[in-house]
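To keep things clear, I will list the structure first and then write my remarks on it.
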Amino acid sequence: MKKVITYGTYDLLHWGHINLLKRAKELGDYLIVALSTDEFNAGKNKKAYHTYENRKVVLEAIKYVDEVIPEYSWDQKIEDVKKHDVDIFVMGDDWEGKFDFLKDYCEVIYLPRTIGISTTKIKKDLFTRKNG
Ligand code: C2G
């Protein structure tokens, strides 16, 4: 069984996220998503709209996702790959090159981001509409 892992916040879930998860799952048989905790996001200067628990519920309902684990640190990826016996690490290519150190432990694949959508864009558009 080929196991794939990816990381992210997955706040205000949108079709760009789904497109990433779909392609990640297609690379193997089992997809683990390491979901950024609220505490970890604080470190990324990101404040998710939904709590970790609620973002986890949403992700677990996606047919491409087999397991959700917490992402609580930048330094857990090697341990995760080993512990979960991961064959492929996948991220959107906005992270191109950033996780190449994992190549000693598994395959590293950066997938093209979906253009035209992001959580930040959703927040901005809603704010603009509200404020005219
Ligand atoms: N993504 C995408 N296309 C978009 C938006 C996001 O392919 N239009 C991808 C990102 O590249 C990432 C995943 O969807 O692989 C999740 O995106 P975010 O929730 O924004 O994750 P991020 O904040 O980049 O956290 O340790 C890594 C970090 O946890 C990644």
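We did not get these values from a lab; they are worked out from the coordinates using the rules stated. Fair warning: this is a prediction, and the values are worked out from it, not measured in the lab. Here the Cβ positions follow ideal geometry from the backbone for every residue, glycine too, while neighbour counts run over all protein chains shown.
When the charge dipole of the stretch 85-132 is built from unit charges on Cβ atoms (+1 for Lys and Arg, -1 for Asp and Glu) and taken about the Cα centre, the candidate among Tyr105, Met91, Phe127 whose Cα reaches farthest toward its positive end is Phe127.
Around the Cα centre of the stretch 1-44, unit charges on the Cβ atoms of Lys, Arg, Asp and Glu (plus for the first two, minus for the last two) sum to a dipole of about 260 debye. When Thr114, Thr37 are arranged by Cβ crowding within 10 Å, least crowded first, meaning fewest neighbours, the order is Thr114, Thr37. Helical runs assigned H by DSSP (4 residues or longer) give the chain a calculated mean residue ellipticity at 222 nm of -10000 deg cm²/dmol, each run adding -39500 (n - 2.57) before division by the residue total. Amide H contacts for Thr9 (H built 1.01 Å from N in the peptide plane; partners 5 or more residues away or on another chain; cut-off under 5 Å): Ser36. Between amide H atoms placed 1.01 Å from N, distances below 5 Å from Ile109 occur with Phe89, Val90, Met91, all of them 5 or more places distant or on a separate chain.
Mind telling me which of Asn45, Asn54, Asn19 comes out most flexible in a GNM of the chain, alpha-carbon contacts under 10 Å? Among Asn45, Asn54, Asn19, the largest mean-square fluctuation in the Gaussian network model of the chain belongs to Asn45. Taking the Cα centre of the chain as reference, the dipole from Cβ charges on Lys and Arg (+1) and Asp and Glu (-1) amounts to some 740 debye.
Computed over the chain with a Gaussian network model linking Cα atoms closer than 10 Å, the most mobile of Asp38, Asp93, Asp66 is Asp93.
Which residue fluctuates most in the GNM of the chain (Cα springs below 10 Å): Ile78, Ile88, Ile32? Looking only at Ile78, Ile88, Ile32, the largest GNM fluctuation is found for Ile78. Cross-link pairs exceeding 29 Å between alpha carbons, from the set Lys3/Lys98; Lys77/Lys130; Lys25/Lys77; Lys98/Lys130; Lys44/Lys124; Lys2/Lys46: Lys77/Lys130; Lys98/Lys130; Lys2/Lys46.
For the stretch 1-69, averaging the sequence separation of C-alpha pairs within contact (under 8 Å, six or more residues apart) and dividing by the residue count gives a relative contact order of 39 percent. Compute the relative contact order of the stretch 87-132 as a whole-number percentage, counting only Cα pairs closer than 8 Å that sit 6 or more residues apart in sequence. Contact order relative to length: 38 percent. Rounded, prolate or oblate, given the Cα gyration tensor of the stretch 35-132, with a/c below 1.5 counting as rounded? Because a/c hits 1.5 or more and a/b exceeds b/c, the stretch 35-132 counts as prolate.
Give me the percent relative contact order of the chain, please, defined on Cα pairs under 8 angstrom at least 6 residues apart. Here the relative contact order equals 30 percent.
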